[in-house]
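Working notes, beginning with the structure itself.
A short reminder: the numbers here are calculations on the coordinates, not readings from a lab. Only a predicted model underlies this, so the values are computations on that prediction, with no experimental measurement involved. Using ideal geometry, Cβ is built from the backbone for each residue, glycine included, and neighbour counts are taken over all protein chains shown.
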Amino acid sequence: MAKLEGQLSHHGASTGKYEAHELRDGDKKRYGGKGVLNAVRNINDVIAPEIEGINVLNQTEIDEVMIELDGTENKSKIGANAILGVSMAVSKAAACNLEIPLFEYLGGISGRNIPTPMMNILNGGKHADNNVNIQEFMIVPSTNDFIKEKIRMCSEIYWNLKQILKSNNYATSVGDEGGFAPNLKNDEEALDLLVEAINTSGYKDDFSIALDVAASEMYQDGEYNFWKTKNVRTTDEMIEYYAKLVQKYPIISIEDGLSEDDMEGWTKLTKTLGDKIQLVGDDLFTTNVNRLMEGINNKAANSILIKPNQIGTITETIDAIRYAKCHGYNVIVSHRSGETEDSYIADLSVGLNAKYIKAGAPTRSERTAKYNRLIRIEEYM
Ligand code: PGA
Ligand code: ZN
């Protein structure tokens with residue numbers, strides 16, 4: 001087996017505390033401690049000898065061997081980054097071996113839905129050095145167009161937003177996911193700007209808005225600290241705040257509106273807004289079937305964000321998607337704030353028929369790689 005020499009890996013700036021463990025070297029002299037030589041060594045010396053000889057089509061068996069080999073709850077011994085790297089490579093090799101595209105391998109004949117982008121065009125929270133608290137402001141097309149048309153419309157709105165920001169003397173530098181990161185009067189102004197950009201682009205009736213609050217980052221002593229503007233809200237006040245925003249703006253989805261540790265609050269939030277909009281659990285579920293089960297039992301959220309590196313194998317990722325669907329939860333496949341040009345999640349989203357995909361702004365190659373892959377898949381179909 002060829003040896004892996006090294007790899008620039010990806011991770012998120014707002015990582016949930018129940019995510020699988022990403023193994024970093026901690027050697028401050030290399031990449032400020034973020035090096036992955038140990039993870040690479042684990043692939044070559046620990047995983048490879050155990051899986052060599054297993055048929056590459058046996059994804060579940062290979063993933064199980066790695067899970068057992070690691071033996072910890074959160075894959076902290078071998079590293080979820082090492083395990084996921086192998087898990088993804090195995091599925092890609094299997095698709096190659098069968099001479100079919102990855103999405104077809106992952107989904108079989110039923111994997112045929114091109115997801116709608118939830119495109120993040122204005123960044124705040126931990127993803128930007130500005131004064132906006134909410135992490136992601138996304139635009140979502142509601143038309144039945146082909147993906148290439150949806151991406152074009154999103155892109156037009158993005159560039160019109162840049163013009164609007166410029167004409168208001170706001171900065172047009174970007175945050176971690178390529179969305180603009182201006183200093184604004186308050187978070188609601190971001191929503192006003194999105195609405196203006198949608199309207200001036202001529203898509204008033206064709207677009208809605210989605211938010212990712214990333215509220216786990218705000219949660220302190222049972223309250224929500226909007227640390228950039230120094231105001232604090234209780235769980236009930238958060239729910240009231242969202243109810244008002246949903247009334248005033250065309251919002252169809254709120255992700256991580258409450259903390260990963262505020263399950264009681266999630267139940268209340270879902271009771272209040274769950275029949276009107278998507279309530280998406282990201283840090284809340286961490287692509288983990290057990291956490292999702294707990295959420296379903298508590299009637300918390302109605303949708304799940306899927307990030308393979310939150311859980312660490314493709315088998316477990318697919319399990320989480322299937323389980324969510326069985327229980328009527330919407331599925332949104334997602335990138336991370338730290339990303340590479342790898343477009344695996346585009347194939348995953350199509351193969352598993354996700355309703356939406358989050359892949360960031362329509363700029364910078366680590367974001368556009370996913371959109372371009374979706375366009376290629378659509379052409380292939
Ligand atoms: P992260 O952000 O990759 O920094 O976790 C993405 C998200 O919260 O959806
Ligand atoms: Zn999120």
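Share of antiparallel DSSP beta bridges in the stretch 109-380, in percent to the nearest 5?
Taking every DSSP beta bridge within the stretch 109-380, about 45 percent pair in antiparallel fashion.
Which of Met119, Met88, Met138 ends up with the largest GNM mean-square fluctuation for the chain, with Cα atoms connected below 10 Å? Comparing Met119, Met88, Met138 in a Gaussian network model of the chain, the most mobile one is Met88.
Within the shell of other residues whose beta carbon sits under 10 angstrom from the beta carbon of Ile306, the net charge comes to +1, with Lys and Arg scored +1 and Asp and Glu -1. With the cut-off at under 12 Å, measuring from each backbone N in the stretch 189-221 to a point 7 Å along the Cα-to-Cβ line of Asn168 picks out 189-198. Classified by the C-alpha gyration tensor, the stretch 223-302 has an oblate form. Its axis ratio a/c, with a ≥ b ≥ c, is 1.5 or above, and a/b does not exceed b/c.
Per residue, the average separation of C-alpha pairs within less than 8 Å and at least 6 apart gives the stretch 215-365 a relative contact order of 15 percent.
The mean sequence distance of close C-alpha pairs (under 8 Å, at least 6 residues apart), as a share of the length of the stretch 2-99, puts its relative contact order at 31 percent. A full extension of the chain between Lys244 and Asn58 corresponds to an added length of 62.0 nm, given 0.36 nm per residue minus the alpha carbon distance. Dividing the mean sequence gap of close Cα pairs (under 8 Å, 6+ apart) by how many residues the chain holds gives a relative contact order of 21 percent.
Adding -39500 (n - 2.57) for every DSSP H run of four residues or longer, then dividing by how many residues the chain holds, sets the calculated 222 nm ellipticity at -12500 deg cm²/dmol.
Neighbour counts of C-beta atoms inside 10 Å place Leu106, Leu98, Leu161, Leu122 in the sequence Leu98, Leu106, Leu161, Leu122, starting with the fewest.
The slack between Lys28 and Asn199, meaning 0.36 nm per residue of separation minus the straight C-alpha distance, is 56.7 nm.
For the stretch 125-213, the set of trypsin sites (Lys or Arg not before Pro) satisfying both a DSSP loop assignment and a count of at most 13 other C-beta atoms within 10 Å is given as Lys185, Lys204.
For the pair the stretch 207-238 and the stretch 343-381, the centres of their Cα atoms are 29 angstrom apart. The label point for Glu50 and the one for Cys96, both projected 7 Å from the Cα toward the Cβ, are 2.3 nm apart. The alpha carbon centroids of the stretch 264-300 and the stretch 95-128 are separated by 23 Å. Rounded, prolate or oblate: which one fits the stretch 109-380, using the alpha carbon gyration tensor with axes a ≥ b ≥ c (rounded when a/c is under 1.5, else prolate when a/b beats b/c, else oblate)? Oblate, because a/c is 1.5 or more while a/b does not exceed b/c. Once you've got the GNM for the chain with C-alpha springs shorter than 10 Å, pick whichever of Gln163, Gln278, Gln135 has the biggest mean-square fluctuation. Top of the fluctuation ranking is Gln163.
Counting Lys and Arg as +1 and Asp and Glu as -1 over every other residue whose Cβ lies under 10 Å from the Cβ of Met118, the net charge comes to -1. Convex hull of alpha carbon positions in the stretch 2-99: directionally averaged projected area 7.0 nm².
Here the stretch 109-380 is treated with +1 on each Lys and Arg Cβ and -1 on each Asp and Glu Cβ, and its dipole about the Cα centre works out to around 660 debye.
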